[in-house]
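The values are calculated or read from the model by the stated rules, or taken from the named source; none is laboratory data. Just so it is clear, the structure is predicted and the values come from calculations on it, not from any experiment. Positions of Cβ are generated from backbone atoms using ideal geometry, with glycine treated the same way; all protein chains shown enter the neighbour counts. For the accessible areas, the whole protein counts, side chains as well, though only heavy atoms, and no ligand, DNA or RNA atoms are used. Shrake-Rupley method; radii C 1.70, N 1.55, O 1.52, S 1.80 Å.
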2 protein chains.
Amino acid sequence: MSLLVVGSVAFDALETPFGKREKIIGGAGTFISLSAAHFVQPVNLVSVVGGDFLKSDIAMLQSKGINVDGLQIKENEKSFFWSGRYFNDMNSRETLVTELNVLGDFDPIIPESYQDCKYLMLGNLAPQVQRQVIERLTNRPKLIVMDTMNFWMDIALDDLIQTIGMVDVLSINDEEARQLSGEYSLVKAAKKIMGMGPKYLIIKKGEHGALLFHGEEVFFAPALPLEEVFDPTGAGDTFAGGFIGYLASTDDISFDNMKRAVINGSAMASFCVEQFGTERLVDLQPDEVVTRVLEFVKLVNFQPQQA
Amino acid sequence: MSLLVVGSVAFDALETPFGKREKIIGGAGTFISLSAAHFVQPVNLVSVVGGDFLKSDIAMLQSKGINVDGLQIKENEKSFFWSGRYFNDMNSRETLVTELNVLGDFDPIIPESYQDCKYLMLGNLAPQVQRQVIERLTNRPKLIVMDTMNFWMDIALDDLIQTIGMVDVLSINDEEARQLSGEYSLVKAAKKIMGMGPKYLIIKKGEHGALLFHGEEVFFAPALPLEEVFDPTGAGDTFAGGFIGYLASTDDISFDNMKRAVINGSAMASFCVEQFGTERLVDLQPDEVVTRVLEFVKLVNFQPQQA
């Protein structure tokens, strides 16, 4: 089932209590695609990088089943660059550098071969760019999932609300849900946000798991309790990639299957944080994902009555 | 199956964004007993109050299946009093007044009729008082569950560690687990704390649920996402009461049954926060608990494969 992913492909520089990396591949589009490609291939990627981007990184994406026909390379410009530092508890981070570079005037061109995609994942980008992608598709996909950030709530709220009104599933974190809705209770926040258009809302709570809302229904997926969180960068995008990748691979958007998709996304995110950047996603084997999903079953499933 | 509960019975004064109460019944022993009594009766309570305590409150406890033969009444002294205020997010609170009064020199006398209890719940108290209770029982109960607080880690750590070494299940919150173990990762913290003696550890995470650890196994129970949290006072104790009450009523301490006990405790806690103090627990009907446990099933259970 064809999957289109739009999102940044970038260089990251990271520092965590476990070490640092100077300039490694990152970006929402990268994490989403690598994660989704564990479930469905090809992943049709639309993004933009500069002439400084490594050919070896592009080859790595291709080797993982990611179609880079829609990856624009602006030879005379520089790639998006983000640098950050995590503190001891791994829950707070400080952004050191953000250089938009090629992302500043990103024109998301959809290759003809990407048309008729059934599943569309809009990674975090300016909401008018996300909207352009939807408008440039000849047919509306069966399911549109959108991720965004508080940054756009601060500087482009009207644009953001317009784009949110066009998607099926919105994925944001708890603080963003509170900011967007003005409600502290996540149950109330979810109702307000679904009132803006999306039939489904995912609220990510980091180490505390994720909630999936739909009408009056709610499903909760825990985060796997881990001995060590090595680097949280990209965990939310990896979650989103696993979510839509699982849905695309099964081509079933029932609420019961969305539950499984949330669990598969959580499983992928639990791998992502085990090493720096994309390192763990790149060497991840299919049977490891299956095994980890079963760990989630063990973690939360229970029989309400004694046998 | 006989259940012995030891814990404070007190007056609370509360202020939340939803209103205030001047002087209502509170205390760990109260919340634990009222919660446990939904599952098993009688609950044999050991505690102490002053001459100022209301006869009507004691009658209320009795009417709910709580045996007050072990409730000492010190006519010329005052009951333990706690006063606190919650802020808008309900996650932070300020203690305004703590008057130990009768609790300052509490001597936990065990009535002869309470001997041979199979289940013992030690609510938050000075660890040497908790230890005295264990030592005063002729036979060791089948299961001893202990709750405590960071306060005792600060002022009576050696005593606390000695008591922890005598119990089967320890129940503390995430910050306390980190303080007690010196580990940020809850998985690492759990290993260290179980190394101190308890075979089971419950880490309470408030609105983020609770983790049950045992050897290499871990089970996660979410908190029910609620529209409104009215008053969080006593939620942790209500959880503990539901946990041990369920275990005592089923007389099964297998890990699978402990999962159900954690869910039943979480269900009880979700009721507790819906009104002030003990108000919701007092008028709670048995069928409401059954219905709520099924909400937890819906919230987290999923089938790992498509049918």
For A:VAL293, only one of the following conditions fails: (1) crowded, with 23+ Cβ neighbours inside 10 Å; (2) without any contact (Cβ under 8 Å) to a residue 60 or more places away in the chain; (3) among the β-branched types (Val, Ile, Thr). What is its number? (1)
Looking across the range B:171-191 at residues that are more than 9 Å from chain A (Cβ to nearest Cβ) and free of Cβ contacts under 8 Å to residues at least 12 places away in the same chain, the single one that is least open to solvent (accessible area, probe 1.4 Å) is B:ARG178
Scanning the range B:217-239 residue by residue, the ones that are open to solvent by less than 10 Å² (accessible area, probe 1.4 Å) and over 25 Å from B:LYS20 (Cβ atoms) total 4
So which residues in the range A:161-177 are more than 20 Å from A:ASP237 (Cα to Cα) and in a helix (DSSP H, G or I), if there are any at all? A:ILE161, A:GLN162
Options A:ASP89, A:ASP107, A:ASP116; residue that is assigned to a loop (DSSP other than H, G, I, E, B), touching a Phe, Trp or Tyr at 6+ places or on another chain (Cβ under 8 Å) and open to solvent by 40 Å² or more (accessible area, probe 1.4 Å): A:ASP89
Take the range A:213-232 and flag every residue that is within 12 Å of another protein chain (Cβ to nearest Cβ), under 23 Å from A:SER92 (Cα atoms) and in a loop (DSSP other than H, G, I, E, B). A:PRO222, A:ALA223, A:LEU224, A:PRO225, A:LEU226, A:GLU227, A:GLU228, A:VAL229, A:PHE230
Of the conditions (1) open to solvent by 30 Å² or more (accessible area, probe 1.4 Å); (2) under 22 Å from B:ILE32 (Cα atoms); (3) not in a helix (DSSP H, G or I), B:GLU207 satisfies every one except a single condition; which number is it? (3)
Among the residues of the range A:221-278, which ones are among the aliphatic types (A, V, I, L, M), touching a strand residue (DSSP E or B) at 6+ places or on another chain (Cβ under 8 Å) and under 14 Å from A:SER33 (Cβ atoms)? A:ALA240, A:ILE244, A:ALA248
Which ones in the range A:256-275 are touching a Lys or Arg at 6+ places or on another chain (Cβ under 6 Å) and within 14 Å of another protein chain (Cβ to nearest Cβ)? A:ALA267, A:GLU274
Those residues of the range B:276-299 which are in contact with a Lys or Arg (Cβ under 9 Å, 6 or more places away or on another chain) and within 14 Å of chain A (Cβ to nearest Cβ), in sequence order: B:VAL293
Of the residues in the range A:192-202 that are open to solvent by 20 Å² or more (accessible area, probe 1.4 Å) and part of a helix (DSSP H, G or I), the one that is farthest from the other protein chains (Cβ to nearest Cβ) is A:MET194
Considering each residue of the range A:240-255, count those that are over 17 Å from A:LEU4 (Cβ atoms) and more than 7 Å from chain B (Cβ to nearest Cβ), and give that number. 2
